[in-house]
Amino acid sequence: MRSIQETIELRYTHAVHFTRGVFAAGNLLLRDSLQGGPGPAKVLFVVDRGLAQANPALAGAIAGYCQAHEACLQLVRAPLVVPGGEPVKNSILYTRMVQEAISDFGICRHSYVVAVGGGAVLDMVGYAAATSHRGVRLVRLPSTVLAQNDSGVGVKNGINAFGKKNFLGTFAPPHAVINDLDLLSTLSDRDWRGGTAEAVKVALIKDPAFFEELERNALALSHRNPAAMEQLIYRCAQLHVRHIARHGDPFESGSSRPLDFGHWAAHKLEQLSGFALRHGEAVAIGMALDSAYSCLTGRLPQKDWDRIATLLEKLGFDLYTPELEREELLAGLTEFQEHLGGEMSITLLDGIGKGVQVHEMDHVTVGEAIGELRRWSQNRAVFRRTL
């Protein structure tokens, strides 16, 4: 018996840029991010329909930018517009649509697909790009808070299948991520708020000083203060990218998923609500549930649980939804484990900024934590009615 064994080492530069007015002709960031070969680079843009409708001039701005830099960029067609939100991930149709455009317009490994939109669109387009020619270059232009500070700066792509979130997908670091803060201006209050949940998440598991900053800025954030949001996005993205780059498991080959604190319940709540709950809203509830569980099991001090619940409420989140009472919720634990395999690994809290991995959760105590969220929400509702 003979064997050949070699170690393959791969290195990636994971670049996340911050700017304003990305499609202004004088802003060279996108042009410079799309260079790398002789002659103009072919570029296919895929745009979130919600963003396109909120910004009717967007397609013209993209065309104008590419024309201004035609020595470097070749726009192969008008932007391909696809639905935003979870529907774009629930059907293979849209993935095939992007793959077909990649094929029809000769997008190769030296060309670029530029995805402009929210996290679901970035996930779907990233999956289409990563599975065409075994990987064409992807540039992400996230247009929501959640995408700019979390999903858009990661290395995962995927779509939903077989009733499971992100069942089909790849790990493929994007060629570049460009966060244009101006793209947030047309967000609804609901989508503005939704992305702040991921900032609370990463602060809770990694950075107590960031959590305190969020507490100080909660009112400003809820009133759409741009400076407060800019700081939140930058720090949240920085913590996410640092974890991916420095913690030894960027492609999740183990069983630990610390950046998914609160997500075992969140993913299931999204499904049980028929995706009426958006991701950030479900994450807020999932974090509240796991924080209450941490408190009930003696890990998290009561005063810390009170601070967490208060911050989430000040940011505008509900901490309870009827889907928490569904028996199917606990299946989220099994699905969360199945996603990576190995032993169950759930992140809980030993304190604010102190995430800890556990390998089992008591179902009775989960039910008690749900009851705690129900009582908290009822008490706050009574308090608000008496004001």
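Values computed for the structure shown
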{"quantity": "Mean Kyte hydropathy of -1.0 or more with a Cα span along the axis of at least 27 Å, helices from DSSP in the chain", "calculated": "226-246, 363-386"}
{"quantity": "Local electrostatic count at His69 - Lys and Arg +1, Asp and Glu -1, tallied over other residues with Cβ under 13 Å", "calculated": "-1"}
{"quantity": "For the chain, built as a Gaussian network whose Cα springs stay under 10 Å, the top-fluctuating residue of Glu86, Glu360, Glu215", "calculated": "Glu360"}
{"quantity": "Residue-averaged [θ]222 nm for the chain, counting only DSSP H segments that reach four residues, each worth -39500 (n - 2.57)", "calculated": "-14500 deg cm²/dmol"}
{"quantity": "Selected from Ala59, Ala129, Ala120 as most flexible by GNM, with the chain as the system and alpha-carbon contacts under 10 Å", "calculated": "Ala59"}
{"quantity": "Gyration tensor (alpha-carbon) shape descriptor, segment 198-272, a/c threshold 1.5", "calculated": "oblate"}
{"quantity": "Heavy-atom accessible surface of the chain: percent carbon and sulfur, 1.4 Å", "calculated": "51"}
{"quantity": "Cα gyration tensor category, rounded, prolate or oblate, for segment 267-378 with a/c compared to 1.5", "calculated": "oblate"}
{"quantity": "Full-extension gain in nm, Glu343 to His363, via 0.36 nm per residue minus C-alpha separation", "calculated": "5.5 nm"}
{"quantity": "Net charge of Cβ neighbours under 14 Å - reference Val81; Lys, Arg +1; Asp, Glu -1", "calculated": "+1"}
{"quantity": "Fully extended contour minus Cα-Cα distance, from Ala227 to Phe251, at 0.36 nm per residue", "calculated": "5.4 nm"}
{"quantity": "Mean Cβ neighbour count within 10 Å, used as a protection proxy, ranking 200-209, 132-141, 14-23 highest first", "calculated": "200-209, 132-141, 14-23"}
{"quantity": "Candidates Arg246, Arg216, Arg278, ranked by Gaussian network fluctuation over the chain, Cα under 10 Å, top entry", "calculated": "Arg246"}
{"quantity": "FRET E, pair Glu70, Gln5, Förster distance 51 Å, beta-carbon r, rounded to 0.05", "calculated": "0.55"}
{"quantity": "Cα-based shape type of segment 7-142, given that a ≥ b ≥ c are square roots of the gyration tensor eigenvalues and the cut on a/c is 1.5", "calculated": "rounded"}
{"quantity": "Per residue solvent-accessible surface (Å²) - the chain, probe of 1.4 Å", "calculated": "45"}
{"quantity": "Mean Cβ neighbour count within 10 Å, used as a protection proxy, ranking 233-240, 38-45, 102-109 highest first", "calculated": "233-240, 38-45, 102-109"}
{"quantity": "Inter-label distance, nm, simple model (7 Å from Cα along the C-beta direction), Ala57/Leu93", "calculated": "3.3"}
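The values are calculated or read from the model by the stated rules, or taken from the named source; none is laboratory data. Everything numeric here is computed off the predicted structure, so don't read it as measured data. FYI the Cβ positions are ideal-geometry reconstructions off the backbone, even for glycines, and counts take in every protein chain you see. With ligands, DNA and RNA removed, areas are computed over all heavy atoms of the protein, side chains included. Shrake-Rupley method; radii C 1.70, N 1.55, O 1.52, S 1.80 Å.
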